[in-house]
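Here the structure is laid out as structure tokens; the discussion comes afterwards.
The values are calculated or read from the model by the stated rules, or taken from the named source; none is laboratory data. It should be emphasised that the depicted structure is a prediction, and the values quoted were computed from it without experimental measurement. Glycine gets a Cβ as well: all are built from the backbone with ideal geometry, and neighbour counts include every protein chain shown.
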């Protein structure tokens, strides 16, 4: 059996650590100046009731703690968008676009 991908590990850890109404993990490595097949740049979109009333910093700290090992290892960049269900509804299920990579060729 093959080892889980970095993306799968991120998904598993977030789903196990936070009761999520929505989770999306996107590998954005291909849009950056990294070797082909890299898994180092990710965007996560999370929607959780526990984020209601929390400041953005609290939400990010929660996710960073769950992904501590990945952030110290294979993950170079993590774009994080953490919403309460009400915020997600107000956004009509849309998250911000990631900015272009300054070092990438795409």
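Each row is one residue, and each column tells you yes or no for (1) surrounded by 14 or more Cβ atoms within 10 Å (Cβ to Cβ); (2) farther than 15 Å from residue 21 by Cα; (3) out of contact with any helix residue (DSSP H, G or I) (no Cβ under 8 Å at 6 or more places or on another chain); (4) free of Cβ contacts under 8 Å to residues at least 60 places away in the same chain.
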{"position": "55", "(1), (2), (3), (4)": "no, yes, yes, yes"}
{"position": "60", "(1), (2), (3), (4)": "yes, yes, yes, yes"}
{"position": "64", "(1), (2), (3), (4)": "no, yes, no, yes"}
{"position": "67", "(1), (2), (3), (4)": "yes, yes, no, yes"}
{"position": "75", "(1), (2), (3), (4)": "yes, yes, no, no"}
{"position": "81", "(1), (2), (3), (4)": "yes, no, yes, yes"}
{"position": "94", "(1), (2), (3), (4)": "no, no, yes, yes"}
Selection over the stretch 14-25 where residues are surrounded by fewer than 18 Cβ atoms within 10 Å (Cβ to Cβ) and either assigned to a helix (DSSP H, G or I) or modelled with pLDDT under 85 (or both) yields a count of 3
